[in-house]
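Down below is the structure, laid out as structure tokens.
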Amino acid sequence: MTDHDRHPGVPVTIVMPTYNEAANLPRMAELVLGLPLDGLHLKIVDDSSPDGTGRIAEELAEKYNADGVRRMSVLHRTEKDGLGRAYVAGMSAALAEGAAYVVQMDADGSHPVEAVPRMLGTAVASGVGLVVGSRYVEGGSLDEEWGRHRVLLSRFANRYARTVLGTKIRDITAGFNLWSAQTLRDVDLATLDSAGYSFQVELKFKAVRAGHSAVEIPIRFEERTEGVSKMNFSTQLESAVVPLRLRLRHRRG
């Protein structure tokens, strides 16, 4: 990789929410901070995980910051009130600290870390406000361990949200995204309503409504490495309601 590919001087923060990810976090931190990106920072947002994830994150931050360069930080939240609010807290902190780009990434190993430089390169070269790591464009795929029911549910959720909102983003529910700082400021993170996974849909919809373009690049979505999924009935219900609510507000506007 050349010096140009490293995007010297471009501050990029990966925001990674955690809840009971003690088994995954050390490996994920090693992979992320091993990327050949000079301006990269990893910010963990931990919701008081009872398995000690927050403590492990602090130990990792001390290790990776030992050379005097602040490469990793930890934001501790006192309650678990949804993925969306964890992302808002982490993204807001990243913007306040001067990030030019912010990446959303899960801590469970499902998102390909090696795709981050490609996402950044796409954003810098094209000037778009959003790059989506997409499962549903040509070249994208899902882990074979996903059962047929989960695959159908995921595809239906995307088609449903896209149809209701009239968007061209094929993977609007994707959780692996790179945002420009200006896009996040224009959206105004504090105004987002979604607490759970539907945050992914709401943020993309509002970004496009604010005039920002999106590019999708194909990724392979893997099954989580360790632990269990945080998806439950209430988050699924919210994911169904939010697109309708956004569409109604859009019509009134």
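A Förster radius of 35 Å combined with the Cβ-Cβ distance from E223 to A66 puts the calculated FRET efficiency at roughly 0.60.
Electrostatic tally near G140: other residues with Cβ closer than 9 Å to its Cβ, Lys and Arg +1, Asp and Glu -1, net 0. Accessible surface ranking for K204, K63, 1.4 angstrom probe, highest first: K63, K204.
For the pair V10 and S48, label points projected 7 Å from Cα toward Cβ lie 3.9 nm apart. Here T122 sits with roughly 30 square angstrom of accessible surface, probe radius 1.4 Å.
Accessible surface for T18 stands near 10 Å², nearest 10, in the context of the full protein assembly shown (1.4 Å probe).
Annotation: amide H-H contacts under 5 Å for F221 (H modelled 1.01 Å from N, sequence separation of 5 or more, or interchain): S141, L142, D143.
The values are calculated or read from the model by the stated rules, or taken from the named source; none is laboratory data. The model shown is predicted, which means the values in this text are computed figures rather than measured ones. Ideal geometry is used to build each Cβ from the backbone, glycine not excepted, and the neighbour counts take in all protein chains shown. Remember, those area values only see protein heavy atoms, side chains included, never the ligands or the DNA or RNA. Shrake-Rupley method; radii C 1.70, N 1.55, O 1.52, S 1.80 Å.
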